[in-house]
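**Student:** Right, I'll just put the structure down here and ask away after.
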Amino acid sequence: MKVGFTYATQDDLASIVAIYNEAIPTRLSTADLKPVSVASKQAWFNSYNPKRRPLWVLYADGRIVGWIGLEEFYGRPAYLHTAEVSIYIANGFHRQGLGQAALSHVIGELPRLGIDTLVGFVFSHNAASQGLFRKNRFECWGHLPDVASMDGKRCSLDILGRKF
């Protein structure tokens with residue numbers, strides 16, 4: 001499978017939202033409980049900037065199969081060199097190494113972006129994402145027990161981080 005990355009454009013937003021919405025029912029990677037609309041994600045999409053906080057789409061075999069973004073961490077100037085990373089892979093493409101490809105791509109871009117610290121917010125029960133981040137030497141920098149309520153169950157959230 002040939003994999004590539006490009007900066008996300010407005011034309012990609014519907015695909016990005018569709019992949020995000022696929023993740024919602026799994027209760028593994030987002031605390032949204034109902035599908036979101038393209039319009040509701042427009043301001044979020046507009047917050048990305050290829051020079052500082054990029055959003056990339058992941059292509060495999062000529063189609064968008066995932067996305068990865070770097071967002072501002074906590075929105076304060078002192079956190080300029082820290083970013084929050086989010087990775088979403090389309091359901092039909094899990095367990096094919098695309099999460100690793102996406103994370104490797106981002107890590108390679110960090111020097112250009114002036115980022116030396118990444119954090120990810122990962123549900124404790126998301127074994128695949130926990131494994132991906134730990135394989136890439138992220139450590140648990142915080143554990144928030146039972147902070148989310150999904151389908152009548154309480155879920156914990158881990159803050160995973162790594163200095164580069």
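**Student:** Using a 10 Å cut-off around each Cβ, can you sort I19, I24 from fewest to most neighbouring Cβ atoms?
**Tutor:** In order of increasing Cβ crowding within 10 Å: I24, I19.
**Student:** Sorting K2, K163 on the 10 Å Cβ count, fewest up front, what's the list?
**Tutor:** K2, K163
**Student:** In whole Å, what three semi-axes, largest first, describe the equivalent ellipsoid of segment 3-120 built from its Cα gyration tensor (square root of 5 times each eigenvalue)?
**Tutor:** 22, 17, 14
**Student:** Only Cα pairs under 8 Å and at least 6 apart count here; give the relative contact order of segment 3-120 as a rounded whole percent.
**Tutor:** It rounds to 24 percent for segment 3-120.
**Student:** Would you mind ranking W56, W44, W141 by Cβ crowding within 10 Å, fewest neighbours first?
**Tutor:** Lowest count first: W141, W44, W56.
**Student:** Scan the chain and note any complete DSSP helix (H) whose C-alpha atoms cover at least 15 Å along its axis and whose Kyte-Doolittle average is 0.0 or more.
**Tutor:** Result, helices passing both filters: 13-23, 98-113.
**Student:** For segment 1-57, what is the per residue volume of the convex hull drawn over the alpha-carbon atoms, in cubic angstrom?
**Tutor:** Taking the convex hull of the Cα positions in segment 1-57, it is 108 Å³ per residue.
Since every read-out is calculated from the coordinates, none of them should be taken as a lab result. Keep in mind it's a predicted model, so treat the numbers as computed, not measured. For neighbour counting, all protein chains shown are included, and Cβ atoms are generated from backbone atoms with ideal geometry for every residue, glycine included.
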